[in-house]
Structures are given as C-alpha cells and as structure tokens.
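Novice: Pasting a structure below so you can have a look.
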Amino acid sequence: MVSRVFSAGLSGIDGYIVTVECLLSSGLPRLDVVGLPTGAVAEAGERVRAAVKSCFFDWPVSRLTVNLAPADTRKAGTAYDLPILLSILAASGEINAPPQDAVFFGELSLTGELRPVCGALSMAMAARDAGFRTVYVPTQNAQEAAYAAGITVLPVPSLSALLDHLAGRAALPPCSPPEAPPVPDDTLDFSHVMGQHAVKRALEIAAAGGHNILLSGSPGSGKSMMAKRFPTILPPLSDSEQLDVIRVWSAVGRGQEAVARDARPFRAPHHTSSAAALAGGAGTANRLPSPGEISLAHHGVLFLDELPEFHRDVLEALRQPLEDGTVTISRAAGQVTYPARFQLIAAMNPCRCGWYGTGRCTCSKASVQQYLRRLSGPLLDRIDLQVAVQPVEYAALAARGQATEEPSASIRARVLTARGIQYARQGADVCNAALTPDRLADCCPLSDEARTMFQAAFERLGLTARAHDRVLRVARTIADLANSPVIEAEHLAEALQYRTLDRAASG
C-alpha cells in the first residue's frame, strides 16, 4: 500500500510543496528515505521510530521506502519528520489517510512533541498558493505562519494531539490572527542627542528618501549614538515589507523574533566579520547558504561602525546589494538569491588616530590619504550622503536638562509626510532612493537655475554618472521635505554638499 502526505520545503526564502510517499513492501525491515535528502532528513527515521513508540503504535515489520518528491530537489532540515511519520502510519493502516487538502511539517522529539522549524511562513504561503486549505505547524511556528492570509493554521503541540484531531476525538483550535505589535521602546530617541543639528538634518533626509549615509568624525562626536536612533524616525513596515522580513528571519530560525518586533531590523556586525557572514553563510555540499547580515537587514538598517577597519573583500561584497537590492550566492549545493534592500549607515574616523583637523592629530597627510583610500571609489559612489560630524560643543552639553532637543516623533512626522508624497508619485513603497534611471527625468524636474548649477557642479566635481543620479535623488528628497514639486537651486546645492568624502579619498 502506498500512502501520500503533503508537506513543504524551503529553498532560500521561498517555499515549495513536497509530496511524501511511503510504500510497504516485503524484505528485511528497514527504512529508506529517497529524494535527495540531506543528513538531517536521512536521520529522521530514528526520531520517527521513537515518536511512534511513544504514542503506543506498532512499527511496521517490513521494508519501508519513503520518497520525497520532487526527487531532483535537495531536501534539507527537519521539517519532514512529521509528514514521514504520518505517511508510515497511514501506509501500515495504523491511522486513516491524512486529509489531502492539508500540509504538514514539523520536527519530532523522541517523546512525540513537535519542535519549531525554519521557514514556516514561506512554507505556509506556498501551501496557500498551491490551493491547500489547512496547514499543520508546530505551536511555536503558529504565529509566524498565521501571517499567510487565506489558509487555516492549526498549531500542533505534540503527535498525540494531532492524531486525536485527525481521528475526531479532540479538535485543535486554529491559530488566531497575528497580535498587535508591542509599544515601541522609547529608550532611544533623538531628544537625547545634544546639538549636531546639521547631522540630524542629513539623517532626516536619509530616512525620508531611503538613502545611504556615511558619518565621518572624531571619536565621541555622537556618530554611533545617532545611528542607533535612526530607526526611530523611519516609517513603519508595510504589510508586504513585514512579510518579507519575517520570511528572511524565518529562514535562519528566528521568525518568532521578527513577529514580536514592530520596528525595522537594525543590524550592526563587528568590523571583524567575514564576507560570508555579511553576504550569506558559506553553506555545505548538501545545504544552501543561509542569509547573511545584509539580508537580515532587509527593509531595515545595516550599521557598519569603523567602516575602514572592515576587510576589503567584505566592503566590496556590499557593492552589488547596494545597487540591486539582492545578493546572489553560488556554492557547491547550488545558487540562491536573497533579498537585501537595506539602508546603509556607516561611521568612520577621519584618520587612523581619529583627530584629523584638530591639534591632537598625529597622522601625516600621506597616512590620512592611505586611510581614506581603504574605501574604494565604487563603494563611496553608492553612498548618497557623506557627512562630516563635528565634535559636540560644550555649550550643548552644558544645556542638558535645560534645553529641549527635537524628539524622534517630530522628525518622523516630517519623514512620513515626505514618504507620502513619494508613494503618491511613484507607487507604494517606492522611495526616492529606489527610483530607476528611466524615471528620473519624470520624477525629478529641475528649475532652470538648478539645471545650470548642476551642469557646472558635474564638471567641477568630476561626478560619475552614478553619482549624478544619486545627487538627483537626494535633491528630490530635499524638495519633497520642502513640499516642492520642482527641484530648486537651494535643494540641489544642499544635495551637492553631501559629496565631499569621495573627493577627499581621491585627492
């Protein structure tokens, strides 16, 4: 007898349907799992055997062949434990055939309890898109899978509870819709930053248009402090963006963490991180690479402190994702593409000692240039705003507790207004930084004075074509903050002043 149970697998962050078939035949008792299983899938037999005995069923004394179709796609992870067990019990006649309009996945413990797996949301969405009506998931994955609207999600705490449900003895309650996000944490706020109004203005522009920004200044000037508060002025995640974030985090087994957090992701890897840690895990001969830091920062912020201290290959790995919003990794197990549309905030000292431009600097001019040249021209070309952060003045610090700085809520209100203008002009979730070259002419009209200024600046500053387009996008954002349909000369002048470090590095 051949039984059939439907499950789902994960490739990158995309789910796909897997059909689990089981055949009982004559021969020596053994279990063979075929269909390109990896080690974790091949070891499912021992977990399944223990779980069957814990529920007081008899293990079939015959040869068992379990096929995972499509057989030419490599199967990884422990999500197939549950469907393999159900197919064996159904083939041996211990239980009735599971419903054919349902998908099952989950890892089994030796006592029959279900443990969470990676990619629950993506697999639930794949089941919904394939026309299935119900998905049975481990209880810990239920809230995550419930974001897949249009399919019933049933949380399963244990194998015995599932079998009681399938036999009609005790129904499993469906998972309720996702709960409202928690109240945002107010411990990080721009009202805590004294002075630095020029830098706050640049960060507001970056948030309003989705631009990348580099902060260069001496130690203690507040670069890291302001970068950590940057997510508090960003717009909230849209429904589609939140789904994307949960899918990426679920691929590394952290979907519940993404569900419980309302804010955009904020990732701050150390400067000793490798290129594989940033772009995506190394993977193995049997397993695709997992998402790296730039994918975990998808629709959020990637903060790189001490930017020149990162290895050169790590920084150059950012170039394609900054341009395309995706990262493609090829390994022995295959090729996978992960989303990586993040905002880059980078911070650095102006020289190795950190005090260039003051009497405390001990660096020679040659060493300063050598330090700046650790950042390649193509990388700097992809950073829209390059801001010099001046040391905090004593008067600003002395006014702490007396003067009131603008809170994040006020800055965020202006950011939301500017984003609303962009979405109305360009489409939902399309900010100025994401404008394609073919739309720049229509979306970024220049006044006559601004056009004359831009032509002169382009030749005088030696801007590349990419830098030209990025300056234009930043100027469009500044105009949106001023509620101006046309980019005026003052908007363009402010955008041009943020292209200074690339000239210093090449000077």
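Novice: Checking the structure you have, find out if any residue of the range 56-73 is in contact with an Asp or Glu (Cβ under 6 Å, 6 or more places away or on another chain) and assigned to a helix (DSSP H, G or I).
Specialist: No, the range 56-73 contains no residue that is in contact with an Asp or Glu (Cβ under 6 Å, 6 or more places away or on another chain) and assigned to a helix (DSSP H, G or I).
Novice: Grab the helices (runs of 4 or more DSSP H) fully contained in the range 433-487, keeping just those with 2 or more residues being touching a residue at least 12 places away in the same chain (Cβ under 8 Å) and of a type in the set (Val, Ile, Thr).
Specialist: 465-481
Novice: From the residues in the range 1-33 that are of a type in the set (Val, Ile, Thr) and surrounded by 14 or more Cβ atoms within 10 Å (Cβ to Cβ), which one is farthest from residue 59 (Cα to Cα)?
Specialist: Result: 13.
Novice: Quick test for you: out of 423, 394, pick the one residue that is of a type in the set (Ser, Thr, Tyr) and either within 23 Å of the chain's Cα centre (by Cα) or closer than 16 Å to residue 237 by Cα (or both).
Specialist: Every option except 423 fails the conditions.
Novice: Considering (1) closer than 30 Å to residue 358 by Cβ; (2) open to solvent by 40 Å² or more (accessible area, probe 1.4 Å); (3) not basic (Lys, Arg), say which one residue 441 fails and leave the rest.
Specialist: (1)
Novice: Turning to a different aspect of this structure: Output yes when any residue across the range 418-425 is open to solvent by 80 Å² or more (accessible area, probe 1.4 Å) and part of a helix (DSSP H, G or I), and no when none is.
Specialist: Scanning the range 418-425 turns up at least one residue that is open to solvent by 80 Å² or more (accessible area, probe 1.4 Å) and part of a helix (DSSP H, G or I).
Novice: So for the range 89-106 (the condition being under 25 Å from residue 333 (Cα atoms), in contact with a Phe, Trp or Tyr (Cβ under 7 Å, 6 or more places away or on another chain), part of a helix (DSSP H, G or I) and open to solvent by less than 10 Å² (accessible area, probe 1.4 Å)), does at least one residue qualify?
Specialist: no
Novice: Taking residue 40 as meeting all but one of (1) among the aliphatic types (A, V, I, L, M); (2) open to solvent by 10 Å² or more (accessible area, probe 1.4 Å); (3) modelled with pLDDT of 90 or more; (4) within 37 Å of the chain's Cα centre (by Cα), write down the number of the exception.
Specialist: (3)
Novice: Given the conditions (1) open to solvent by 30 Å² or more (accessible area, probe 1.4 Å); (2) free of Cβ contacts under 8 Å to residues at least 40 places away in the same chain; (3) not in a loop (DSSP other than H, G, I, E, B), and given that residue 160 satisfies all but one, which numbered condition is not satisfied?
Specialist: (2)
Novice: A further question follows. Among the helices (runs of 4 or more DSSP H) confined wholly to the range 188-296, which include 1 or more residues that are more than 20 Å from residue 117 (Cα to Cα)?
Specialist: 197-209, 223-229, 239-250, 275-279, 293-296
Novice: With the requirement that a residue be β-branched (Val, Ile, Thr), more than 17 Å from residue 210 (Cβ to Cβ) and either touching a residue at least 60 places away in the same chain (Cβ under 8 Å) or open to solvent by 10 Å² or more (accessible area, probe 1.4 Å) (or both), what does the range 338-388 give you?
Specialist: Answer for the range 338-388, where residues must be β-branched (Val, Ile, Thr), more than 17 Å from residue 210 (Cβ to Cβ) and either touching a residue at least 60 places away in the same chain (Cβ under 8 Å) or open to solvent by 10 Å² or more (accessible area, probe 1.4 Å) (or both): 358, 362.
Novice: Being small (Gly, Ala, Ser) and more than 30 Å from the chain's Cα centre (by Cα) narrows it down to one residue among 493, 434, 479, 467; which is it?
Specialist: Exactly one of 493, 434, 479, 467 is small (Gly, Ala, Ser) and more than 30 Å from the chain's Cα centre (by Cα), namely 493.
The values are calculated or read from the model by the stated rules, or taken from the named source; none is laboratory data. Note that this is a predicted model, so its numbers are computed, not measured. Quick reminder, even Gly has a Cβ in these numbers, built from the backbone with ideal geometry, and neighbours come from all protein chains shown. Protein only, heavy atoms only, side chains kept; ligands, DNA and RNA dropped before computing areas. Shrake-Rupley method; radii C 1.70, N 1.55, O 1.52, S 1.80 Å.
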